[in-house]
1. Could you compute the net charge surrounding ASN122? Neighbours are other residues with a C-beta less than 15 Å from the C-beta of ASN122; K and R count +1, D and E count -1.
2. Compute the long axis of helix 2-22 from its Cα atoms, compare it with the longest principal axis of the Cα atoms of the chain, and write down the angle in degrees, 0 to 90, nearest 10.
3. Using the per-residue mean of other Cβ atoms lying within 10 Å as a proxy for protection, in what order, highest first, do the peptides 144-154, 97-107 fall?
4. Give, in nm to one decimal, the length gained when the segment between ALA57 and LEU7 is fully stretched (0.36 nm per residue of separation minus the Cα-Cα distance).
5. For region 64-136, what is the convex hull volume of the alpha-carbon atoms per residue, in Å³?
6. Which loop-located trypsin sites (Lys or Arg not before Pro) does region 77-146 contain, where loop means any DSSP state but H, G, I, E or B and the Cβ has at most 10 other Cβ atoms within 10 Å?
7. Can you tell me, using C-alpha contacts under 8 Å and at least 6 residues apart, the relative contact order of the chain as a whole percent?
8. Where does the chain land on Rg(C-alpha)/(2.2 N^0.38 Å)?
Amino acid sequence: MRKLLFLIALLLALVIPAKAQFFEGIEAGGGVRYSRQSDKTNVGVDVIVTKSVSDWARLRAVASVNGLIPNGFDRYGVALWGVMAEAGPAYAFADFGLSLNPSAKPPFVGIAFDGGVGIKANVTRQLKIYSELGIDRIGHGRRWQSTAAVKAGLLYCL
């Protein structure tokens, strides 16, 4: 029984710092986006989570809807994974994932890419504001479409 208790205590001592270290360097937040397709514009939302992997690189996951207003704009949602290369407060990003476009002819699910540049600024020790300029490219069957966007939001550092 003593050996079992010692083994459990040892495992807890190893797991707790590893769990704390895993959550270090994570930023989570969201923002609004102003999107443009051809001659139509719309307002959408983004949710973003990033994880630091080095002093200059981060992994990122993004979920977004490019338009919330029904005005003839081709609205769709995307779920993307990608990387960021940081140089001080500025960064560049590239993401790849899937899009869901209910107004497209089947298939509704397609491939999605996005890329662009951004800048982050500290508001407090754990709160940052960010702004991005990007363009995404989605494909459904043989139809491809691009949407440019300006984004702004808040990130909370865990």
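1. Around ASN122, the charge tally is +1.
2. It works out to around 30 degrees.
3. 144-154, 97-107
4. On the way: separation 50, 0.36 × 50 = 18.00 nm, distance 3.71 nm.
Between ALA57 and LEU7, full extension yields 14.3 nm more.
5. Details: hull volume 7.6 nm³, N = 73.
That works out to 104 Å³ per residue.
6. Within region 77-146, the qualifying trypsin sites (Lys or Arg not before Pro) (loop, at most 10 other Cβ atoms within 10 Å) are ARG125, ARG142.
7. The normalised contact order for the chain reaches 20 percent.
8. 1.30
Every number in this text was worked out from the coordinates using simple rules, so none of it is lab data. Since we're looking at a predicted model, the values are computed, not measured. All Cβ positions, even for glycine, are placed from backbone atoms using ideal geometry, and neighbour counts span all protein chains on display.
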